Amino acid sequence: MSRTEQKCIRAAFYDTGLSRVQSQSWSNYSYEAKVKVQDVNTGNRTNLQIGIAGRLQNQSDFYIAYFNGSQSIVLAKVVNGSWTTIGSYAGNYTEDSYHTVKLSMLGTSIKVSVGGTERISTTDAQFASGTIGVFASQGTGRFDDVKISQ
């Protein structure tokens, strides 16, 4: 049986911020949101990270699909605050436009789609469940039309 929950989050983060849904945890799910990158800190563009986090345990442990300063999409896992890239796709995503990003996690399979096209596919067993969040660093991230599907 499939269940879909839809919520709307509109948030802007300046400097660095992670916001998460409290008191929820899912194992196998897809998390989709429209993501817009705005107001990039041009002096620190190489550290730009705007994206969605899944299987989030706490502020230091999660998976994240994010746009970077090279306008690519990156999949990383964060363990004890240490970031490791586990997949990336060199796109050419424009700022000031919404892009639909989907982070799908089923067992150890993790996939990232942008605009309905799968861009990253990998496996990792670090986190089996967790909640969702949004993240922004060195720019403003706007997030809309959030959907969770199980």
Distance between modelled label sites at Tyr89 and Asn47, nm, 7 Å Cα→Cβ extension:
2.8
Multiplying the sequence separation of Thr100 and Ser23 by 0.36 nm and subtracting their Cα-Cα distance, what value in nm do you get?
25.2 nm
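Stokes-Einstein at 4 °C, 1.567 mPa s, Kirkwood radius from Cα pairs: D for segment 4-149 in µm² s⁻¹?
Working: Rh = 14.7 Å.
This corresponds to a translational diffusion coefficient of 88 µm²/s.
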Once label points are set 7 Å from the Cα along Cα→Cβ at both Thr117 and Ser60, what is their separation, rounded to one decimal in nm?
3.9
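Coordinate-derived values only; no laboratory data. Predicted model only: the values in this text are computed from it and were never measured. We place every Cβ from the backbone using ideal geometry, glycine too, and count neighbours over all the protein chains shown.
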